[in-house]
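Novice: Below you will find the structure I want to go over with you.
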Amino acid sequence: MFGIILGLIVLMVLAYLGWSIIWVAPIAAGVVALSGGLDLLEAYRDTYMGGFVDFAKEWFPVFMLGAVFGKLMEDTGMARSVAAALTKVIGTKRAVLGVLASAAVLTYGGVSLFVVVFAIYPLALSLFREANISRKLIPATVALGAFTFTMTAIPGTPQIQNLIPMQYFQTDAAAAPVMGLIAALIMAVGGYYYLRWREKKMAEKGEVFTEPKDKNVLEEENEKDPLFVLSLLPLLTVLITLNILNWDIVIALISGILLIMVLNFSKYKRFVQSMNNGAGGSIVAIINTSAAVGFGTVVREVPGFERLTELLMGIRGNPLISEAIAVNVLAGSTGSASGGMGIALEALGSKYYDIAMETGISPEAFHRIASLASGGLDALPHNGAVLTLFAITGMSHKDSYKDLFVVAVLIPVISVIVVIFLASIGIL
(Lines give C-alpha, C1' and ligand atoms only; values in the text may rest on other atoms or scores of the structure.)
Protein backbone atom coordinates (compact mmCIF):
# COMPACT_ATOMS: atom_id res chain seq x y z
CA MET A 1 0.00 0.00 0.00
CA PHE A 2 2.80 2.41 0.92
CA GLY A 3 4.53 1.69 -2.37
CA ILE A 4 1.37 2.39 -4.37
CA ILE A 5 0.81 5.67 -2.54
CA LEU A 6 4.48 6.63 -2.97
CA GLY A 7 4.30 5.81 -6.68
CA LEU A 8 1.22 8.02 -7.06
CA ILE A 9 2.96 10.85 -5.22
CA VAL A 10 6.00 10.55 -7.49
CA LEU A 11 3.74 10.55 -10.55
CA MET A 12 1.72 13.56 -9.38
CA VAL A 13 4.64 15.69 -8.15
CA LEU A 14 6.82 15.15 -11.21
CA ALA A 15 3.86 15.75 -13.56
CA TYR A 16 3.05 18.94 -11.65
CA LEU A 17 6.63 20.10 -12.13
CA GLY A 18 6.12 19.76 -15.86
CA TRP A 19 7.97 16.51 -16.46
CA SER A 20 6.51 14.37 -19.21
CA ILE A 21 4.39 11.45 -18.05
CA ILE A 22 5.92 9.41 -20.90
CA TRP A 23 9.04 8.81 -18.80
CA VAL A 24 7.67 9.74 -15.37
CA ALA A 25 5.08 6.93 -15.44
CA PRO A 26 7.72 4.15 -15.81
CA ILE A 27 9.68 5.65 -12.90
CA ALA A 28 6.56 5.75 -10.72
CA ALA A 29 5.72 2.20 -11.82
CA GLY A 30 9.25 1.17 -10.83
CA VAL A 31 8.71 2.55 -7.33
CA VAL A 32 5.51 0.50 -7.07
CA ALA A 33 7.18 -2.63 -8.45
CA LEU A 34 10.21 -2.48 -6.12
CA SER A 35 8.13 -1.84 -3.01
CA GLY A 36 5.75 -4.63 -4.05
CA GLY A 37 8.48 -7.22 -4.43
CA LEU A 38 8.35 -7.48 -8.23
CA ASP A 39 11.39 -7.93 -10.44
CA LEU A 40 12.07 -4.45 -11.82
CA LEU A 41 12.98 -5.36 -15.40
CA GLU A 42 10.25 -7.95 -15.68
CA ALA A 43 7.70 -5.48 -14.30
CA TYR A 44 8.76 -2.93 -16.91
CA ARG A 45 9.15 -5.17 -19.96
CA ASP A 46 6.15 -7.44 -19.40
CA THR A 47 3.66 -5.83 -17.03
CA TYR A 48 4.10 -2.11 -17.73
CA MET A 49 4.67 -2.42 -21.46
CA GLY A 50 1.91 -5.02 -21.71
CA GLY A 51 -0.64 -2.55 -20.38
CA PHE A 52 0.88 0.24 -22.48
CA VAL A 53 0.72 -1.71 -25.73
CA ASP A 54 -2.73 -3.19 -25.12
CA PHE A 55 -4.25 0.26 -24.60
CA ALA A 56 -2.47 1.74 -27.61
CA LYS A 57 -3.63 -1.16 -29.79
CA GLU A 58 -7.22 -0.65 -28.69
CA TRP A 59 -7.43 3.14 -28.84
CA PHE A 60 -4.83 4.51 -31.26
CA PRO A 61 -7.24 4.59 -34.24
CA VAL A 62 -9.67 6.72 -32.24
CA PHE A 63 -7.00 9.13 -31.02
CA MET A 64 -5.49 9.45 -34.50
CA LEU A 65 -8.74 9.83 -36.44
CA GLY A 66 -10.15 12.23 -33.86
CA ALA A 67 -7.07 14.44 -34.16
CA VAL A 68 -7.18 14.35 -37.98
CA PHE A 69 -10.89 15.19 -37.94
CA GLY A 70 -10.30 18.16 -35.65
CA LYS A 71 -7.31 19.42 -37.62
CA LEU A 72 -9.23 19.31 -40.89
CA MET A 73 -12.11 21.19 -39.25
CA GLU A 74 -9.63 23.83 -38.13
CA ASP A 75 -7.57 24.19 -41.31
CA THR A 76 -10.56 24.30 -43.67
CA GLY A 77 -12.13 27.09 -41.60
CA MET A 78 -15.16 24.97 -40.70
CA ALA A 79 -14.50 25.17 -36.95
CA ARG A 80 -14.19 28.95 -37.19
CA SER A 81 -17.36 29.13 -39.29
CA VAL A 82 -19.40 27.25 -36.69
CA ALA A 83 -18.04 29.38 -33.86
CA ALA A 84 -18.60 32.67 -35.70
CA ALA A 85 -22.18 31.79 -36.65
CA LEU A 86 -23.08 30.91 -33.06
CA THR A 87 -21.67 34.15 -31.72
CA LYS A 88 -23.69 36.15 -34.26
CA VAL A 89 -26.86 34.53 -32.98
CA ILE A 90 -25.93 34.98 -29.32
CA GLY A 91 -24.60 38.50 -29.75
CA THR A 92 -21.33 40.18 -28.90
CA LYS A 93 -22.71 41.60 -25.65
CA ARG A 94 -22.89 38.04 -24.31
CA ALA A 95 -19.29 37.28 -25.23
CA VAL A 96 -18.85 34.68 -22.48
CA LEU A 97 -21.89 32.72 -23.66
CA GLY A 98 -20.77 32.97 -27.28
CA VAL A 99 -17.30 31.55 -26.60
CA LEU A 100 -18.70 28.93 -24.25
CA ALA A 101 -21.33 27.74 -26.74
CA SER A 102 -18.87 27.67 -29.64
CA ALA A 103 -16.35 25.56 -27.72
CA ALA A 104 -19.15 23.26 -26.55
CA VAL A 105 -20.54 22.63 -30.04
CA LEU A 106 -17.11 21.84 -31.48
CA THR A 107 -16.21 19.50 -28.61
CA TYR A 108 -19.53 17.68 -28.73
CA GLY A 109 -19.13 17.34 -32.47
CA GLY A 110 -15.90 15.39 -32.04
CA VAL A 111 -13.20 18.06 -32.36
CA SER A 112 -10.38 17.32 -29.90
CA LEU A 113 -9.94 19.62 -26.91
CA PHE A 114 -6.53 20.88 -28.02
CA VAL A 115 -7.83 21.80 -31.48
CA VAL A 116 -10.82 23.60 -29.95
CA VAL A 117 -8.43 25.84 -28.01
CA PHE A 118 -6.63 26.89 -31.19
CA ALA A 119 -9.87 27.33 -33.15
CA ILE A 120 -11.73 29.33 -30.50
CA TYR A 121 -9.02 31.68 -29.22
CA PRO A 122 -9.04 34.19 -32.12
CA LEU A 123 -12.83 34.40 -31.85
CA ALA A 124 -12.69 34.78 -28.06
CA LEU A 125 -10.13 37.55 -28.38
CA SER A 126 -12.36 39.46 -30.80
CA LEU A 127 -15.51 39.06 -28.71
CA PHE A 128 -13.88 39.93 -25.42
CA ARG A 129 -12.30 42.99 -27.03
CA GLU A 130 -15.68 44.21 -28.32
CA ALA A 131 -17.42 43.51 -25.01
CA ASN A 132 -14.48 45.01 -23.06
CA ILE A 133 -14.08 41.94 -20.84
CA SER A 134 -10.75 41.09 -19.22
CA ARG A 135 -8.73 38.48 -21.11
CA LYS A 136 -8.14 36.76 -17.76
CA LEU A 137 -11.56 35.10 -18.17
CA ILE A 138 -10.84 33.60 -21.60
CA PRO A 139 -9.12 30.40 -20.32
CA ALA A 140 -11.95 29.60 -17.90
CA THR A 141 -14.60 30.31 -20.55
CA VAL A 142 -12.96 28.03 -23.12
CA ALA A 143 -12.34 25.37 -20.46
CA LEU A 144 -16.00 25.38 -19.41
CA GLY A 145 -17.14 24.80 -22.99
CA ALA A 146 -14.50 22.23 -23.94
CA PHE A 147 -13.18 20.50 -20.80
CA THR A 148 -16.35 19.79 -18.83
CA PHE A 149 -19.93 18.86 -19.76
CA THR A 150 -19.33 18.20 -23.47
CA MET A 151 -16.32 16.04 -22.64
CA THR A 152 -17.86 13.80 -20.00
CA ALA A 153 -21.55 14.42 -19.38
CA ILE A 154 -23.75 14.92 -22.43
CA PRO A 155 -24.84 11.47 -23.68
CA GLY A 156 -23.31 10.47 -26.98
CA THR A 157 -20.27 12.73 -26.91
CA PRO A 158 -17.51 11.21 -29.07
CA GLN A 159 -14.74 12.44 -26.77
CA ILE A 160 -12.40 9.68 -25.57
CA GLN A 161 -13.34 10.27 -21.92
CA ASN A 162 -16.85 9.02 -22.76
CA LEU A 163 -15.70 6.12 -24.93
CA ILE A 164 -13.13 4.39 -22.71
CA PRO A 165 -15.71 3.08 -20.17
CA MET A 166 -17.62 1.28 -22.95
CA GLN A 167 -15.22 -1.66 -23.10
CA TYR A 168 -15.29 -2.16 -19.33
CA PHE A 169 -19.07 -1.96 -18.80
CA GLN A 170 -20.41 -3.24 -22.14
CA THR A 171 -22.23 0.04 -22.77
CA ASP A 172 -22.56 2.59 -25.56
CA ALA A 173 -21.70 6.28 -25.83
CA ALA A 174 -25.18 7.38 -24.70
CA ALA A 175 -25.06 5.45 -21.41
CA ALA A 176 -27.16 6.78 -18.49
CA PRO A 177 -28.57 9.80 -20.36
CA VAL A 178 -30.53 11.26 -17.43
CA MET A 179 -27.51 11.21 -15.12
CA GLY A 180 -25.41 12.80 -17.84
CA LEU A 181 -27.89 15.56 -18.65
CA ILE A 182 -28.38 16.52 -14.99
CA ALA A 183 -24.61 16.72 -14.48
CA ALA A 184 -24.27 18.73 -17.72
CA LEU A 185 -26.85 21.26 -16.56
CA ILE A 186 -25.08 21.72 -13.23
CA MET A 187 -21.74 22.27 -14.96
CA ALA A 188 -22.98 24.47 -17.81
CA VAL A 189 -25.41 26.67 -15.90
CA GLY A 190 -23.34 26.87 -12.72
CA GLY A 191 -20.17 27.65 -14.63
CA TYR A 192 -21.80 30.24 -16.86
CA TYR A 193 -23.34 32.21 -14.01
CA TYR A 194 -20.10 32.07 -12.09
CA LEU A 195 -18.24 33.57 -15.07
CA ARG A 196 -20.88 36.30 -15.51
CA TRP A 197 -20.54 37.14 -11.82
CA ARG A 198 -16.75 37.32 -12.20
CA GLU A 199 -17.13 39.48 -15.30
CA LYS A 200 -19.14 42.04 -13.31
CA LYS A 201 -16.79 41.95 -10.32
CA MET A 202 -13.74 42.48 -12.52
CA ALA A 203 -15.41 45.35 -14.36
CA GLU A 204 -16.20 47.01 -11.02
CA LYS A 205 -12.50 46.84 -10.15
CA GLY A 206 -11.56 48.36 -13.50
CA GLU A 207 -10.21 45.11 -14.95
CA VAL A 208 -11.21 45.31 -18.61
CA PHE A 209 -9.82 44.14 -21.94
CA THR A 210 -6.15 44.78 -22.67
CA GLU A 211 -4.41 43.85 -25.88
CA PRO A 212 -2.09 40.83 -25.73
CA LYS A 213 1.60 41.61 -25.90
CA ASP A 214 1.91 39.56 -29.09
CA LYS A 215 -0.88 40.88 -31.30
CA ASN A 216 0.05 38.41 -34.03
CA VAL A 217 -0.98 35.39 -31.96
CA LEU A 218 -3.15 33.08 -34.02
CA GLU A 219 -4.27 35.67 -36.55
CA GLU A 220 -7.13 34.50 -38.73
CA GLU A 221 -6.50 33.90 -42.38
CA ASN A 222 -7.97 36.38 -44.84
CA GLU A 223 -10.13 33.93 -46.68
CA LYS A 224 -13.83 33.25 -46.73
CA ASP A 225 -14.93 30.51 -44.36
CA PRO A 226 -17.30 27.73 -45.49
CA LEU A 227 -21.03 28.22 -44.91
CA PHE A 228 -22.23 27.48 -41.40
CA VAL A 229 -24.72 24.83 -42.55
CA LEU A 230 -22.03 22.97 -44.46
CA SER A 231 -19.56 23.33 -41.58
CA LEU A 232 -22.07 21.77 -39.20
CA LEU A 233 -22.60 18.66 -41.34
CA PRO A 234 -19.35 16.81 -40.39
CA LEU A 235 -20.09 17.33 -36.69
CA LEU A 236 -23.62 16.02 -37.10
CA THR A 237 -22.36 13.10 -39.17
CA VAL A 238 -20.08 11.89 -36.38
CA LEU A 239 -22.84 12.23 -33.76
CA ILE A 240 -25.56 10.57 -35.85
CA THR A 241 -23.48 7.66 -37.10
CA LEU A 242 -22.14 6.98 -33.59
CA ASN A 243 -25.34 7.33 -31.56
CA ILE A 244 -28.27 6.71 -33.90
CA LEU A 245 -26.84 4.33 -36.49
CA ASN A 246 -24.64 2.73 -33.79
CA TRP A 247 -21.59 2.61 -36.04
CA ASP A 248 -18.19 2.03 -34.54
CA ILE A 249 -16.47 5.29 -33.55
CA VAL A 250 -13.70 4.59 -36.07
CA ILE A 251 -16.21 4.42 -38.93
CA ALA A 252 -18.04 7.48 -37.59
CA LEU A 253 -14.85 9.56 -37.57
CA ILE A 254 -13.81 8.35 -41.03
CA SER A 255 -17.24 9.39 -42.32
CA GLY A 256 -16.78 12.86 -40.86
CA ILE A 257 -13.29 13.18 -42.32
CA LEU A 258 -14.41 12.16 -45.79
CA LEU A 259 -17.31 14.61 -45.68
CA ILE A 260 -14.98 17.47 -44.70
CA MET A 261 -12.77 16.66 -47.68
CA VAL A 262 -15.70 16.45 -50.09
CA LEU A 263 -17.21 19.75 -48.90
CA ASN A 264 -13.83 21.51 -49.10
CA PHE A 265 -12.43 19.91 -52.24
CA SER A 266 -11.17 23.27 -53.51
CA LYS A 267 -8.74 23.29 -50.57
CA TYR A 268 -7.40 19.81 -51.33
CA LYS A 269 -3.80 21.04 -51.40
CA ARG A 270 -3.81 21.52 -47.64
CA PHE A 271 -5.37 18.13 -46.83
CA VAL A 272 -2.10 16.20 -46.65
CA GLN A 273 -0.46 18.73 -44.32
CA SER A 274 -3.53 18.89 -42.09
CA MET A 275 -3.75 15.12 -41.84
CA ASN A 276 -0.01 14.86 -41.19
CA ASN A 277 -0.25 17.43 -38.39
CA GLY A 278 -3.33 15.82 -36.90
CA ALA A 279 -1.84 12.32 -36.97
CA GLY A 280 1.44 13.58 -35.55
CA GLY A 281 -0.31 15.40 -32.74
CA SER A 282 -2.24 12.29 -31.77
CA ILE A 283 0.98 10.38 -31.05
CA VAL A 284 1.76 12.37 -27.91
CA ALA A 285 -1.81 12.06 -26.66
CA ILE A 286 -2.04 8.29 -27.09
CA ILE A 287 1.44 7.69 -25.63
CA ASN A 288 0.69 9.88 -22.59
CA THR A 289 -2.50 7.96 -21.86
CA SER A 290 -0.92 4.58 -22.57
CA ALA A 291 1.93 5.44 -20.19
CA ALA A 292 -0.61 6.16 -17.46
CA VAL A 293 -2.44 2.91 -18.16
CA GLY A 294 0.86 1.01 -17.98
CA PHE A 295 1.38 2.43 -14.51
CA GLY A 296 -2.06 1.16 -13.53
CA THR A 297 -1.22 -2.29 -14.84
CA VAL A 298 1.82 -2.49 -12.54
CA VAL A 299 -0.25 -1.26 -9.59
CA ARG A 300 -2.70 -4.08 -10.21
CA GLU A 301 0.07 -6.70 -9.98
CA VAL A 302 1.53 -5.83 -6.57
CA PRO A 303 0.17 -7.40 -3.34
CA GLY A 304 -0.78 -4.00 -1.91
CA PHE A 305 -3.36 -3.59 -4.66
CA GLU A 306 -5.62 -6.12 -2.95
CA ARG A 307 -5.60 -3.94 0.15
CA LEU A 308 -6.28 -0.84 -1.92
CA THR A 309 -9.17 -2.62 -3.58
CA GLU A 310 -10.56 -3.63 -0.20
CA LEU A 311 -10.40 -0.02 1.00
CA LEU A 312 -12.14 1.36 -2.08
CA MET A 313 -14.73 -1.37 -2.18
CA GLY A 314 -15.23 -0.97 1.56
CA ILE A 315 -16.43 2.60 1.25
CA ARG A 316 -19.92 2.54 2.67
CA GLY A 317 -22.95 3.37 0.60
CA ASN A 318 -23.38 3.30 -3.13
CA PRO A 319 -20.40 1.64 -4.93
CA LEU A 320 -20.56 4.52 -7.40
CA ILE A 321 -18.95 6.60 -4.64
CA SER A 322 -15.80 4.49 -4.52
CA GLU A 323 -15.59 4.50 -8.32
CA ALA A 324 -15.87 8.29 -8.41
CA ILE A 325 -13.17 8.67 -5.76
CA ALA A 326 -10.80 6.25 -7.51
CA VAL A 327 -11.16 7.86 -10.95
CA ASN A 328 -10.99 11.44 -9.63
CA VAL A 329 -7.90 10.87 -7.48
CA LEU A 330 -6.06 9.09 -10.28
CA ALA A 331 -7.07 11.70 -12.87
CA GLY A 332 -5.74 14.36 -10.53
CA SER A 333 -2.54 12.42 -9.89
CA THR A 334 -1.78 11.95 -13.58
CA GLY A 335 -3.11 15.33 -14.71
CA SER A 336 -5.10 13.47 -17.35
CA ALA A 337 -8.80 12.58 -17.50
CA SER A 338 -8.28 9.70 -19.90
CA GLY A 339 -5.06 8.59 -18.20
CA GLY A 340 -6.54 8.59 -14.69
CA MET A 341 -9.65 6.79 -15.87
CA GLY A 342 -7.51 4.31 -17.75
CA ILE A 343 -5.57 3.46 -14.59
CA ALA A 344 -8.71 3.13 -12.47
CA LEU A 345 -10.72 1.05 -14.91
CA GLU A 346 -7.80 -1.12 -15.95
CA ALA A 347 -7.32 -1.96 -12.29
CA LEU A 348 -10.91 -1.98 -11.02
CA GLY A 349 -13.24 -1.98 -14.03
CA SER A 350 -13.94 -5.71 -13.94
CA LYS A 351 -14.70 -5.55 -10.22
CA TYR A 352 -17.18 -2.70 -10.69
CA TYR A 353 -18.82 -4.59 -13.54
CA ASP A 354 -19.20 -7.63 -11.29
CA ILE A 355 -20.73 -5.41 -8.61
CA ALA A 356 -23.19 -4.06 -11.18
CA MET A 357 -24.23 -7.58 -12.06
CA GLU A 358 -24.57 -8.58 -8.40
CA THR A 359 -26.37 -5.51 -7.07
CA GLY A 360 -28.60 -4.68 -10.00
CA ILE A 361 -27.08 -1.20 -10.42
CA SER A 362 -26.99 -0.51 -14.12
CA PRO A 363 -23.53 -0.80 -15.74
CA GLU A 364 -24.53 2.41 -17.55
CA ALA A 365 -24.46 4.23 -14.21
CA PHE A 366 -20.88 3.04 -13.61
CA HIS A 367 -19.98 4.17 -17.14
CA ARG A 368 -21.37 7.65 -16.63
CA ILE A 369 -19.86 8.15 -13.18
CA ALA A 370 -16.44 7.03 -14.45
CA SER A 371 -16.67 9.51 -17.30
CA LEU A 372 -17.92 12.36 -15.09
CA ALA A 373 -15.33 11.72 -12.38
CA SER A 374 -12.50 11.80 -14.91
CA GLY A 375 -13.34 15.44 -15.64
CA GLY A 376 -12.89 16.80 -12.12
CA LEU A 377 -9.46 16.78 -10.52
CA ASP A 378 -7.87 16.18 -13.92
CA ALA A 379 -7.81 19.95 -14.49
CA LEU A 380 -5.32 20.63 -11.71
CA PRO A 381 -2.45 23.01 -12.62
CA HIS A 382 -0.26 20.31 -14.20
CA ASN A 383 -2.90 19.14 -16.71
CA GLY A 384 -1.59 19.22 -20.29
CA ALA A 385 -4.71 20.82 -21.76
CA VAL A 386 -4.63 23.52 -19.06
CA LEU A 387 -0.98 24.28 -19.79
CA THR A 388 -1.72 24.46 -23.53
CA LEU A 389 -4.69 26.75 -22.91
CA PHE A 390 -2.59 29.17 -20.89
CA ALA A 391 0.20 29.10 -23.47
CA ILE A 392 -2.15 29.90 -26.35
CA THR A 393 -4.07 32.64 -24.53
CA GLY A 394 -0.95 34.23 -23.08
CA MET A 395 -2.28 33.96 -19.54
CA SER A 396 -0.53 32.56 -16.46
CA HIS A 397 -1.79 30.40 -13.61
CA LYS A 398 -1.71 33.51 -11.43
CA ASP A 399 -3.89 35.41 -13.92
CA SER A 400 -6.57 32.84 -14.64
CA TYR A 401 -6.29 29.54 -12.80
CA LYS A 402 -8.60 30.49 -9.93
CA ASP A 403 -11.56 30.93 -12.29
CA LEU A 404 -10.62 27.86 -14.33
CA PHE A 405 -10.46 25.82 -11.11
CA VAL A 406 -14.03 26.78 -10.21
CA VAL A 407 -15.59 25.91 -13.59
CA ALA A 408 -13.42 22.92 -14.54
CA VAL A 409 -12.68 21.30 -11.16
CA LEU A 410 -14.99 22.44 -8.36
CA ILE A 411 -18.33 22.51 -10.19
CA PRO A 412 -17.72 19.19 -12.06
CA VAL A 413 -16.90 17.50 -8.73
CA ILE A 414 -20.11 18.93 -7.25
CA SER A 415 -22.07 17.60 -10.23
CA VAL A 416 -20.77 14.06 -9.61
CA ILE A 417 -21.75 14.27 -5.93
CA VAL A 418 -25.26 15.46 -6.82
CA VAL A 419 -25.81 12.75 -9.44
CA ILE A 420 -24.61 9.97 -7.13
CA PHE A 421 -26.86 11.30 -4.35
CA LEU A 422 -29.87 11.31 -6.65
CA ALA A 423 -29.04 7.78 -7.80
CA SER A 424 -28.66 6.63 -4.19
CA ILE A 425 -32.14 7.77 -3.19
CA GLY A 426 -33.70 6.19 -6.25
CA ILE A 427 -34.47 9.32 -8.27
CA LEU A 428 -32.21 8.21 -11.14
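Novice: Could I have the simple spin-label model distance between Tyr193 and Glu130, label points 7 Å from Cα toward Cβ, reported in nm to one decimal?
Specialist: Once both label points are built, they end up 2.7 nm from each other.
Novice: With the convex hull built on the Cα atoms of the stretch 342-428, state its orientation-averaged projected area in nm².
Specialist: Computed as one quarter of the Cα hull surface, the answer is 6.6 nm².
Novice: Kindly list the residues of the stretch 137-161 that lie in the label zone of Leu410, defined by a backbone N under 15 Å from the point 7 Å along the Cα-to-C-beta vector.
Specialist: Flagged as within label range: 140-141, 144.
Novice: Over the chain, what percent of the accessible surface lies on carbon and sulfur atoms, probe 1.4 Å?
Specialist: Carbon and sulfur atoms account for 64 percent of the accessible area of the chain.
Novice: Could you tell me the ratio Rg/Rh of the stretch 81-191? Both radii from Cα atoms, Rh via Kirkwood. List each step's numbers first, then the result.
Specialist: Details: Rg = 14.5 Å, Rh = 14.3 Å.
Here Rg/Rh amounts to 1.02.
Novice: Find how many whole Å separate the alpha carbon centroid of the stretch 230-276 from the alpha carbon centroid of the stretch 349-421.
Specialist: Value for the Cα centre distance between the two parts: 28 Å.
Novice: What spacing in nm lies between the two simple spin-label points modelled at Ile240 and Met202, each 7 Å away from Cα in the Cβ direction?
Specialist: Going by the 7 Å Cα→Cβ label model, 3.9 nm.
Novice: Quick check: the angle from helix 21-35's long axis to the longest principal axis of the chain, C-alpha only, nearest 10 degrees?
Specialist: Once rounded, the angle reads 10 degrees.
Novice: Something else about it: I need the Debye-formula profile for the chain: one equal scatterer per C-alpha, no solvent, reported as log10 I(q)/I(0) at q = 0.06, 0.08, 0.11 1/Å, two decimals.
Specialist: -0.24, -0.42, -0.81
Novice: Listed here are the pairs Lys136/Lys205; Lys213/Lys398; Lys93/Lys224; Lys88/Lys200; Lys93/Lys398; Lys224/Lys269; which of them are more than 19 Å apart at the Cα?
Specialist: Exceeds cut-off: Lys93/Lys224; Lys88/Lys200; Lys93/Lys398.
Novice: Also, I was wondering about something else. Relative to the present Cα-Cα distance, how much length would full extension add between Leu181 and Ile5 at 0.36 nm per residue of separation?
Specialist: 59.9 nm
Novice: Taking the Cα-to-Cβ direction at Val284 and at Lys213 and moving 7 Å from each Cα, how far apart do the two end points lie in nm?
Specialist: Inter-label distance under the simple model: 2.1 nm.
Novice: With axes computed from alpha carbons, what is the tilt in degrees of helix 2-16 against the longest principal axis of the chain, rounded to the nearest 10 within 0 to 90?
Specialist: It is inclined by approximately 20 degrees.
Novice: Once both axes come from the Cα atoms, what is the angle between helix 113-131 and the longest principal axis of the chain, in degrees from 0 to 90, rounded to 10?
Specialist: Roughly 40 degrees, rounded to the nearest 10.
Novice: Still on this structure, please answer the following. Taking a probe of 1.4 Å, how large is the accessible area per residue of the chain, in Å²?
Specialist: 42 Å²
Novice: Stretch Leu41-Ile315 to full length: gain in nm at 0.36 nm per residue minus the Cα-Cα span?
Specialist: Computed gain between Leu41 and Ile315 is 95.2 nm.
The values are calculated or read from the model by the stated rules, or taken from the named source; none is laboratory data. The structure displayed is predicted, hence computed values, not measured ones. Cβ sites come from the backbone with ideal geometry, for glycine too, and all protein chains shown count toward neighbours. Ligands, DNA and RNA are excluded from the accessible area calculation, which covers all protein heavy atoms including side chains. Shrake-Rupley method; radii C 1.70, N 1.55, O 1.52, S 1.80 Å.
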